[in-house]
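Input: a single structure, listed below in structure tokens.
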Amino acid sequence: QVQLVESGGGLVQPGGSLRLSCAASGTIFSLYHMGWYRQAPGKQRELVAFITTNGIITYGDSVKGRFTISRENTKSTVYLQMNSVKPEDTAVYYCKAVRVVEVWGQGTLVTVSS
């Protein structure tokens with residue numbers, strides 16, 4: 001069973017940058033599609049970015065041109081580079097692994113505030 005651990009969250013000023021990491025263990029990472037999702041207080045969880053096993057990428061409309069997802073199979077890790085962040089990017093960010101079933105990480109909080 002794959003296990004996911006997110007890291008890299010924290011407080012960042014508007015316009016700043018942050019990089020989130022999601023490390024997987026307990027499985028063959030390269031077989032899994034990977035995604036980042038977020039959930040702000042009082043809102044539904046939404047797609048941020050998704051990358052398939054063969055590198056096809058999808059972004060949520062609100063982050064296109066600002067966020068970049070990437071994966072490093074040799075390190076069993078998926079990254080989310082967040083640039084030009086806005087207060088509305090404040091949320092708990094979750095990592096998801098997909099291969100027949102879905103597995104979620106515990107989440108990491110990102111707060112964008114001056």
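The values are calculated or read from the model by the stated rules, or taken from the named source; none is laboratory data. Please read all numbers here as calculations on a predicted model, not as lab measurements. Neighbour counts run over all protein chains shown; Cβ positions are idealised from the backbone, glycine included. These accessible areas exclude ligands, DNA and RNA; they are computed on the full protein's heavy atoms, side chains included. Shrake-Rupley method; radii C 1.70, N 1.55, O 1.52, S 1.80 Å.
A few points about this structure:
- In the range 93-114, residue surrounded by the most Cβ atoms within 10 Å (Cβ to Cβ) [restricted to those that are over 15 Å from S17 (Cβ atoms), over 10 Å from the mean Cα position of the chain (by Cα) and hydrophobic (A, V, I, L, M, F, W, C)]: A97
- Selection over the range 77-92 of residues that are open to solvent by less than 10 Å² (accessible area, probe 1.4 Å) and assigned to a strand (DSSP E or B) gives a count of 4.
- The range 5-42: number of residues that are crowded, with 21+ Cβ neighbours inside 10 Å and farther than 21 Å from D89 by Cβ: 3
- Strands (runs of 3 or more DSSP E) wholly inside the range 1-75 containing at least 1 residues that are without any contact (Cβ under 8 Å) to a residue 24 or more places away in the chain and among the charged types (D, E, K, R): 46-51, 67-72
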